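A single structure is presented below for examination.
The values are calculated or read from the model by the stated rules, or taken from the named source; none is laboratory data. Treat the numbers as computed from the prediction; the structure is a model and nothing was measured. Heads up, the Cβs are rebuilt from the backbone with ideal geometry, glycines too, and the neighbour counts pull from every protein chain shown. With ligands, DNA and RNA removed, areas are computed over all heavy atoms of the protein, side chains included. Shrake-Rupley method; radii C 1.70, N 1.55, O 1.52, S 1.80 Å.
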Amino acid sequence: MAYRRTLWKIMLDEFKRIEQELRNLEEEFYMRIKGLEAMRGCITPLHNVYESGDELIITADMPGTDKEEIDLTVGEDYLKIEAPCRSPARKIREGKYMLHVRLPVEIEPETVRARYKDGVLEVIAKKKIRGIKIKVE
Amino acid sequence: MPEELEDLVRIVEVEPIKEGVIIIEGFPDVGLVGTIAASFLTDKLQMKEVGYVESDVLPPIISVKNGKVLDLIRLYGGDNIVVILSEIPIPLPMVRPLSQKIIEWAISKKAKMIVSLTGMPEPGRLNIDVPKVYVLGSNDKISQDALRIDGVEAFTDGYITGVKGMILRESIRKDFNALLILSQAHFNYPDPGSAAEILKYLSKLLSISIDIKPLLESAEELKLRLRDLMRRTSQAMQDVQKSRELELPAVYL
């Protein structure tokens with residue numbers, strides 16, 4: 001019984017240690033983002049990358065810019081966004097959005113289409129599909 | 001309530017809060033919809049701070065605004081409404097105790113109802129101009145009353161995670177009136193447009209006048225300002241398996 005209790009305590013302590021390490025990593029991540037933003041005077045927009053069927057969809061929350069001013073560059077395995085960010089209400093100096101994403105799968109850059117709506121940029125690309133077609137019998 | 005729960009979360013009233021109020025909570029969640037709506041309401045109804053939530057589980061942080069030291073989770077009071085606002089996402093160990101404590105406290109204050117405001121994750125949000133509003137009550141009467149207002153739909157199937165879900169469950173167990181109001185929203189981008197729809201609905205439900213124009217006009221500014229809170233809330237939403245709200249319940253019965 002005492003052995004079980006000791007084992008249980010060791011496991012609990014280990015879980016707590018892992019949890020603390022994860023929290024430290026999370027905090028380091030926030031510090032890195034904020035540090036980088038302060039150093040480079042730019043804003044890393046909130047963004048998501050997800051796969052949907054044969055497409056790769058990347059969205060970025062970039063309020064305070066104009067679609068004409070968004071500089072979007074794509075390669076087979078990366079996406080780069082730069083755009084000015086204005087904040088008239090707070091009267092802060094103009095900032096700049098900067099995002100460089102390494103894509104999880106290769107895409108066909110010529111298929112990329114993008115739109116900017118309600119402060120959100122959406123980029124959709126066809127995934128590069130390598131291989132041969134197999135007939136199912 | 002177990003003694004340890006009593007110690008874990010405490011609701012402190014700095015000014016007397018009268019009985020029979022409606023409690024509205026806007027804890028950070030999907031698209032920060034509840035937070036945006038509740039804080040806008042607090043501002044527009046010129047509510048003042050009447051209390052705060054204290055807990056050893058909260059991170060050791062204070063907020064300072066215009067030279068005034070503030071607690072992270074605060075209670076604001078108006079005529080017949082008390083709003084609970086939080087500047088941080090609720091840490092996982094605090095989700096259940098906080099929900100239980102809020103309902104326990106609401107019952108002790110003979111509150112009429114607790115209203116939770118939140119976003120409903122909608123992957124196709126970018127294609128939606130006017131987000132739909134859904135409601136779910138802790139009992140049939142609350143649901144039926146909430147559905148009397150035009151344009152709102154019943155939330156019938158799905159998962160509700162985090163504080164909102166626990167508040168609803170605790171209310172059912174304690175036979176207390178609770179209403180969950182959800183609006184289609186971006187999952188992890190601040191969504192003032194969605195919050196505006198909730199406020200439109202809330203103004204009809206509570207018969208209060210709320211002009212949402214200023215909210216929509218400052219939407220972009222708000223999105224920028226709430227970026228850091230959204231980033232941290234996204235992490236907290238993972239802790240409570242928020243992505244489950246994109247799924248349907250797996251069992252037939």
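What is the dipole size for the stretch A:42-126, taken about its Cα centre, with +1 at each Lys and Arg Cβ and -1 at each Asp and Glu Cβ, in debye to the nearest 20?
On the way: 12 positive and 17 negative charges, 134 e Å.
Rounded to the nearest 20 debye, it is 640 debye.
Can you give the accessible area buried between chains A and B, summed over both chains, with a 1.4 Å probe, in Å² to the nearest 100? Provide the component values of the computation, followed by the final result.
Numbers: alone 10750 and 12930 Å², together 21420 Å².
By this definition, chains A and B bury close to 2300 Å².
Right, another one. Can you tell which of B:Phe40, B:Phe27, B:Phe187 shows the greatest fluctuation in a Gaussian network model of chain B with Cα springs below 10 Å?
Result for chain B, Cα springs under 10 Å: B:Phe40 fluctuates most.
Sticking with this one: Ignore the peptide's own chain and count Cβ atoms of other chains within 10 Å of each Cβ in A:29-37; give me the average, rounded. Let's see the in-between values first.
Numbers: counts 2, 4, 0, 0, 2, 2, 0, 0, 0.
Taking all residues of A:29-37 together, the mean is 1.
Which distance in nm do the two modelled labels at A:Ser52 and B:Ser218 give, with both placed 7 Å along the Cα-to-Cβ direction?
Output for this residue pair reads 3.3 nm.
In whole percent, how big is the carbon plus sulfur part of the accessible area of the protein assembly as shown, probe 1.4 Å, protein atoms only? Before the final figure, lay out each step's value.
Values: 11380 of 21420 Å².
Solvent-exposed carbon and sulfur of the protein assembly as shown make up 53 percent of the total.
To the nearest 500 deg cm²/dmol, what mean residue ellipticity at 222 nm is calculated for the protein assembly as shown from DSSP H runs of n ≥ 4 alone, each contributing -39,500 (n - 2.57), summed and divided by the residues? Write out the running numbers ahead of the final one.
Details: 10 runs with 133 residues, N = 390.
Roughly -11000 deg cm²/dmol at 222 nm, from the helical runs in the protein assembly as shown.
Report relative contact order for the stretch B:127-253 in percent, whole number only (criteria: Cα-Cα under 8 Å, sequence separation at least 6). Mind showing how you got there, number by number?
Working: 152 pairs, mean separation 39.5, N = 127.
Worked out over the stretch B:127-253, it gives 31 percent.
Suppose all protein chains stay in the model; what accessible area per residue would a 1.4 Å probe give for the stretch A:1-40, in Å²? Walk me through the numbers before you get to the answer.
On the way: 3870 Å² over 40 residues.
On a per-residue basis, the stretch A:1-40 sits at 97 Å².
Using only atoms on other chains, find how many Cβ atoms lie within 10 Å of each Cβ of peptide B:222-232 and report the average.
Numbers: counts 2, 8, 14, 4, 3, 6, 4, 0, 2, 6, 3.
Partner Cβ neighbours, averaged per residue: 5.
Next up: Among the aspartates and glutamates, which have Cα under 15 Å from the Cα of A:Lys126 when same-chain residues fewer than 8 positions away are ignored?
The qualifying aspartates and glutamates are A:Glu51, A:Asp54, A:Glu55, A:Glu76, A:Asp77, A:Glu106, A:Glu108, A:Glu110.
Something else: Beyond 27 Å between alpha-carbons counts as too far, so tell me which of B:Lys18/B:Lys213; A:Lys67/B:Lys44; B:Lys18/B:Lys204; B:Lys112/B:Lys213; B:Lys44/B:Lys112 fall in that bin. It would help to have the intermediate numbers written out before the result.
On the way: B:Lys18/B:Lys213 31 Å; A:Lys67/B:Lys44 32 Å; B:Lys18/B:Lys204 23 Å; B:Lys112/B:Lys213 29 Å; B:Lys44/B:Lys112 22 Å.
Exceeds cut-off: B:Lys18/B:Lys213; A:Lys67/B:Lys44; B:Lys112/B:Lys213.
Follow-up. If you build a Gaussian network model of chain B, linking Cα atoms that sit under 10 Å apart, which residue out of B:Lys68, B:Lys204, B:Lys44 swings the most?
B:Lys68
Right, something else. Rank B:Arg225, B:Arg169, B:Arg96 by mean-square fluctuation in a GNM of chain B with C-alpha springs under 10 angstrom and give only the top-ranked residue.
Top of the fluctuation ranking is B:Arg225.
Check the straight Cα-Cα distances from B:Lys164 and name the aspartates and glutamates below 13 Å, setting aside those fewer than 8 residues away within the same chain.
Those aspartates and glutamates meeting the cut-off are B:Glu25, B:Asp29, B:Glu245.
Please give the average number of partner chain Cβ atoms lying within 10 Å of the Cβ of each residue in B:233-240, rounded to a whole number. Let's see the in-between values first.
Numbers: counts 0, 2, 5, 1, 0, 0, 1, 0.
Going residue by residue through B:233-240 and averaging, the value is 1.
Given labels modelled 7 Å from the Cα in the Cβ direction, how far is it in nm from A:Glu108 to A:Arg4?
Distance between the two pseudo-spin positions: 6.2 nm.
For A:Lys16, give me every one of the aspartates and glutamates with a C-alpha distance below 19 angstrom, ignoring sequence neighbours fewer than eight places off in its own chain.
Straight-line reach from A:Lys16, under 19 Å: A:Glu26, A:Glu27, A:Glu28, B:Asp56, B:Asp239.
Still on this structure, I have one more. Using the basic label-point model (7 angstrom from Cα toward the beta carbon), what is the A:Leu12 to B:Lys132 distance in nanometres?
If labels sit at A:Leu12 and B:Lys132, their model points lie 4.6 nm apart.
What does the charge count around B:Thr35 come to, taking other residues whose C-beta lies under 14 Å from its C-beta (Lys +1, Arg +1, Asp -1, Glu -1)? Let's see the in-between values first.
Values: positive: B:Arg74, B:Lys164, B:Lys223, B:Arg225, B:Arg227, B:Arg231, B:Arg232; negative: B:Glu25, B:Asp29, B:Asp43, B:Glu87, B:Asp191, B:Asp228.
Net charge in that neighbourhood comes out at +1.
What percent antiparallel are the DSSP beta bridges of chain B, to the nearest 5?
Numbers: 22 of 41 bridges.
About 55 percent, rounded to the nearest 5.
What FRET efficiency comes out for B:Ile149 versus B:Lys65 if R0 is 41 angstrom and r is the Cβ-Cβ distance? Round to the nearest 0.05. Provide the component values of the computation, followed by the final result.
Details: r = 35 Å, r/R0 = 0.84.
Once the sixth-power term is evaluated, E becomes 0.75.
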